[in-house]
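Have a look at the structure below, then the notes.
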Amino acid sequence: MRISHRMLAATTLSTVLLTLAACGGGATEEKDEGGAAGKDAPAASVKLSDSEYGRVLVDQAGRTLYAFTKDKAGVSNCGADCIAVWPALTTRSDPKPGEGMEKSLLTKTELIKSVTQVTYNKWPLYYYVGDAVAGDINGQGVDDEWFVVTADGKLVTKQAG
């Protein structure tokens, strides 16, 4: 069964916006021992994981990260409805590269005031709400605009064969 993007957007928009407001974008950051993404929360970490598309970017928990082809030069073009389905990987400090990552390609950009989004090779990085567990790659090729990212910062625009 294919999940309607409009249905997902309608049901998750409030949750995402409230989370961003309450945590300052910390929904995708690691939380401190008290459970809140505080000022001293660890930076987001990006690493590589083997997949049916080769080695692709994932977060510290192994959740797949995607890039949006409408983003240009490190600037997100994913508005509120989009973010409801494709939450941004955010951080309060410099993101940490995992083994095999090109450190110079891993940076951040301002998403909204006081919220920075992790980028790789100038591609802002996102999650997909249709991925339930680490290793899921259900967002690959959605709308022919969303793709996983490789270690060299390129998008994998082909489907698994």
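The values are calculated or read from the model by the stated rules, or taken from the named source; none is laboratory data. Since the model is a prediction, treat every value here as computed from it, not as a measurement. Cβ coordinates were reconstructed from backbone atoms using ideal geometry, including for glycine residues, and neighbour counts include every protein chain displayed. The accessibility values were calculated without ligands, DNA or RNA, using every heavy atom of the protein model including side chains. Shrake-Rupley method; radii C 1.70, N 1.55, O 1.52, S 1.80 Å.
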Out of region 43-60, which residues are within 14 Å of the chain's Cα centre (by Cα) and either more than 15 Å from LEU125 (Cα to Cα) or part of a strand (DSSP E or B) (or both)?
SER45, VAL46, LYS47, LEU48, VAL56, LEU57, VAL58, ASP59
Select from region 75-121 the residues that are more than 20 Å from GLY139 (Cα to Cα) and assigned to a loop (DSSP other than H, G, I, E, B) and list them in ascending order.
ARG92, SER93, ASP94, PRO95, GLY98, GLU99, GLY100, MET101, GLU102, LYS113, SER114
List pairs: first residue in region 142-154 and more than 12 Å from TYR127 (Cα to Cα), second residue assigned to a helix (DSSP H, G or I) anywhere in the structure, Cβ distance under 6 angstrom, at least six positions apart or on different chains.
GLY153/LEU105
Out of everything in region 97-120 that is under 20 Å from ASP50 (Cβ atoms) and over 13 Å from the mean Cα position of the chain (by Cα), what residue ends up being most open to solvent (accessible area, probe 1.4 Å)?
GLU99
Index of the failed condition, ALA73 passing every other in (1) closer than 24 Å to LYS158 by Cα; (2) under 14 Å from the mean Cα position of the chain (by Cα); (3) among the aliphatic types (A, V, I, L, M)
(2)
